[in-house]
Each structure stands twice: as C-alpha cells, then as structure tokens.
Amino acid sequence: MLKIAIQKSGRLYEDSIKLLKECGIQLNNGNKQLKAVGFNFPIEVYFLRDDDIPQYIYDGVADIGIVGENVLQEKGRDLDILFRLGFGKCRLSIAVPKSMKYSSGKDLANLKIATSYSSILGKYLSENNINAEIHEISGSVEIAPGIGLADAICDLVSSGSTLFTNGLKEVEVILQSEAVLAGNKNLSKEKKDILNRLLLRINAVNTARNNKYIMLNAPNDQLENICSILPGMKSPTIVPLAEEGWSSVQSVVNENDFWDIIEKLKQFQAQGILVVPIEKMIV
Ligand code: PRT
Ligand code: ZN
C-alpha cells in the first residue's frame with residue numbers, strides 16, 4: 001500500500017479529501033481518525049498536523065503527502081515535489097506598520113521581525129545581506145508589532161485582510177506557495193507503481209479543471225477561421241447540421257484563454273455556444 005499523509009484539519013483538509021475523491025478513491029472513513037484505508041485503491045491515508053508531514057515522509061512513515069510549499073521549505077527536508085496541486089495558494093511576506101516609511105529591503109536593517117518561518121526568513125535576510133533580528137513565535141504573528149513585541153512580521157498572506165486589520169502593509173514577498181504532493185526519494189518499485197497510477201489520476205483531474213468542453217454552431221464558410229482558434233485535443237470535431245450550410249463544432253479550450261476565444265468566436269458568427277465542465281481529461 002502507498003501511504004499518503006494529509007492535513008488532519010485546517011485549510012488543506014477539504015481540498016485534499018476532494019482530490020482523492022475525484023481520483024476515484026473511496027476511503028473507509030474520511031473523518032478525523034488517525035488513518036483511513038482506500039477500499040478500491042491500494043492507499044492508506046494518515047491524518048496529521050501539516051507541520052509534521054515533511055518529517056513523516058522523510059522518515060518513511062508516510063510515502064507521500066499533501067502540504068504547503070511554505071511548510072516544506074521551512075522544514076528543509078529533502079523530498080521530491082511530485083505535483084503542484086493548485087490549491088492552498090498564498091505568499092509568505094514581510095509586513096511593516098502602515099506608518100513606517102519603506103522603500104527597499106535595506107529599511108529592514110536592525111528591525112526585529114516576528115515570524116513562524118525563521119528558517120525561510122533567515123535565508124532571505126542573509127541572501128539579501130540584511131542584518132535584522134528574527135523573533136520566532138508560533139502563532140498570532142500579526143499582532144506582534146501592535147503589542148510592541150516586534151517591529152515587523154513575516155507571515156502568510158492570501159487576501160491581505162489580516163494585515164489590513166492589524167495596521168500593517170506588505171512590503172516584500174519572499175515565497176509564493178501552494179499545496180504540493182511531496183514524496184520520499186527512495187520509494188520501492190511497488191510503491192512507485194502505485195504512485196504512478198495515482199499521478200495519472202491527479203493529472204487527469206487537474207487538466208480537466210483547467211479546461212472546458214465547448215460546442216457551437218457556425219456557418220460553413222467560417223469553419224476555417226473557427227478551427228484556427230480552437231485547437232482541441234487533436235483537432236476539433238465537425239458535424240454537419242440538418243440545416244444546409246451550417247456545422248456543429250466541438251472542442252476543448254483552456255480556462256485561461258476562455259474569454260478571448262469566446263469573443264473571437266462571436267466575430268466569426270458562431271451561435272448557440274455551449275460550454276460544459278469536463279470531469280476527467282486524459283491527454
Ligand atoms: O493544525 P495544523 O498545524 O495542521 O494547521 P495550521 O493551523 O498550521 O495551518 P492552516 O490550516 O492554517 O494552513 C495550512 C496551509 O494552508 C498553510 O501552510 C498554507 O500553505 C496554506 N494557506 C493558504 C494559508 C493561508 N492561505 C492563509 N491565509 N495558511 C495560513 N493563512 C493565514 C495566515 O497565517 C494569516 O494568519 O491566514 C491569515 C492571512 O490570511 P488573509 O486572507 O487575511 O491574508
Ligand atoms: Zn501547522
């Protein structure tokens with residue numbers, strides 16, 4: 001069995017469980033026990049605190065795990081990053097009180113910076129030749145300047161509202177992070193085989209999320225134009241309509257290009273455009 005560690009509760013829990021489910025893996029219990037077993041796939045799921053996941057994988061207690069890159073880098077364990085999962089996105093940033101004048105990293109010199117990420121911050125400061133003091137605390141970092149414990153902070157930011165409500169401004173982004181699938185570097189042949197099966201599924205789920213299936217009707221004299229902007233997986237499917245001179249075109253479009261393509265399709269006289277989500281996509 002392949003052993004995967006995921007967060008027991010917290011921001012990555014829901015998305016991690018959802019991913020396993022979308023990969024067709026059913027668990028005998030998904031609910032806050034120490035572990036669960038997949039009954040239609042050879043996998044065992046361990047529910048842990050995110051901070052412990054890199055060490056468990058490194059020690060081989062778990063083979064792979066889902067964890068934020070921020071935690072992975074902070075713990076500094078030598079693991080493989082197998083897949084960037086696209087959820088749990090955030091950044092690790094330095095923030096200072098709104099009233100402080102700030103123009104560059106040099107302004108951090110001699111400040112006391114509170115953080116739970118002393119290793120990443122330490123590396124950043126030394127790489128940039130900034131001589132600042134790191135004050136390690138384990139939680140509620142954002143209140144440190146307000147209570148006089150530190151001059152600045154280094155913490156995770158997503159919407160920025162925590163910084164805003166604490167009178168802080170973001171001045172340096174030192175890491176962009178998302179949840180990743182990390183793995184032990186020395187997996188057995190059997191485990192690697194299971195992992196490859198899992199990766200095929202994760203890839204299919206992720207590719208599907210980033211693409212949409214599109215169907216439309218178009219006059220035949222516009223088909224060449226329309227096909228030039230709808231590459232599809234191999235090439236678009238074209239089916240004649242019952243009405244003379246018209247065809248139905250079906251293809252796959254990437255989420256990022258979506259609105260640009262729709263605007264062009266309208267220019268090329270496309271009608272009745274239908275866009276539907278794709279559940280799985282194996283290319
Ligand atoms: O109990 P356990 O140790 O497992 O969980 P935890 O409390 O340490 O972690 P948790 O569940 O809060 O976060 C898990 C992971 O989610 C992190 O390691 C990140 O990879 C990712 N993530 C994504 C975030 C955020 N976004 C985030 N916004 N983790 C924390 N935050 C916090 C941040 O620390 C700050 O307090 O949210 C606040 C800022 O959010 P905004 O939206 O106000 O900017
Ligand atoms: Zn944690």
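Some values worked out for this structure:
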| read-out | value |
| --- | --- |
| Which listed residue is closer than 21 Å to Leu163 by Cα, open to solvent by less than 50 Å² (accessible area, probe 1.4 Å) and either within 15 Å of ligand 1 (Cβ to nearest atom) or among the charged types (D, E, K, R) (or both), from Val96, Val71, Val67 | Val71 |
| Answer residue from region 52-64, given it is within 12 Å of ligand 2 (Cβ to nearest atom) and closer than 14 Å to Val180 by Cα and is surrounded by the most Cβ atoms within 10 Å (Cβ to Cβ) among those | Ile53 |
| Residue in region 6-22 that is within 16 Å of ligand 1 (Cβ to nearest atom), among the small types (Gly, Ala, Ser) and either over 20 Å from Leu199 (Cα atoms) or surrounded by fewer than 22 Cβ atoms within 10 Å (Cβ to Cβ) (or both) present | yes |
| Ser126 being without any contact (Cβ under 8 Å) to a residue 60 or more places away in the chain and assigned to a loop (DSSP other than H, G, I, E, B) | no |
| Yes/no for Gly183 being surrounded by fewer than 19 Cβ atoms within 10 Å (Cβ to Cβ) and not polar (S, T, N, Q) | no |
| Residues of region 267-283 satisfying the condition of being open to solvent by 50 Å² or more (accessible area, probe 1.4 Å), in a loop (DSSP other than H, G, I, E, B) and under 20 Å from Cys23 (Cα atoms) | Glu279, Lys280, Ile282, Val283 |
| Filter result (small (Gly, Ala, Ser) and either open to solvent by 50 Å² or more (accessible area, probe 1.4 Å) or farther than 14 Å from Gln222 by Cα (or both)) within region 232-258 | Gly232, Ser235, Ala242, Ser251 |
| Residue in region 197-210 that is open to solvent by 60 Å² or more (accessible area, probe 1.4 Å) and closer than 30 Å to Gly272 by Cα present | yes |
| Residue that is over 21 Å from Leu163 (Cα atoms), touching a helix residue (DSSP H, G or I) at 6+ places or on another chain (Cβ under 6 Å) and not hydrophobic (A, V, I, L, M, F, W, C), where the choices are Arg84, Arg77 | Arg77 |
| For Ser158: the one exception among (1) open to solvent by 30 Å² or more (accessible area, probe 1.4 Å); (2) over 30 Å from Phe41 (Cα atoms); (3) more than 16 Å from ligand 1 (Cβ to nearest atom); (4) not hydrophobic (A, V, I, L, M, F, W, C) | (3) |
| Residue list for region 32-51, filter: within 16 Å of ligand 1 (Cβ to nearest atom) and surrounded by fewer than 14 Cβ atoms within 10 Å (Cβ to Cβ) | Lys32, Gln33, Leu34, Arg49 |
| Residue tally, condition surrounded by 18 or more Cβ atoms within 10 Å (Cβ to Cβ) and either at positive phi or touching a residue at least 60 places away in the same chain (Cβ under 8 Å) (or both), over region 214-225 | 1 |
| Among residues of region 165-195, those that are of a type outside the set (Asp, Glu) and in a strand (DSSP E or B), counted | 13 |
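Each row is one residue, and each column tells you yes or no for (1) within 16 Å of ligand 2 (Cβ to nearest atom); (2) under 21 Å from the mean Cα position of the chain (by Cα); (3) at pLDDT below 95.
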| position | (1), (2), (3) |
| --- | --- |
| Lys101 | no, no, no |
| Tyr124 | no, no, no |
| Val141 | yes, no, no |
| Ala150 | no, no, no |
| Asp155 | yes, yes, no |
| Val180 | yes, yes, no |
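The values are calculated or read from the model by the stated rules, or taken from the named source; none is laboratory data. Every value quoted in this text rests on a predicted model; they were computed, and no experiment measured them. Cβ coordinates were reconstructed from backbone atoms using ideal geometry, including for glycine residues, and neighbour counts include every protein chain displayed. Surface accessibility is based on the protein's heavy atoms, side chains included, excluding ligands, DNA and RNA. Shrake-Rupley method; radii C 1.70, N 1.55, O 1.52, S 1.80 Å.
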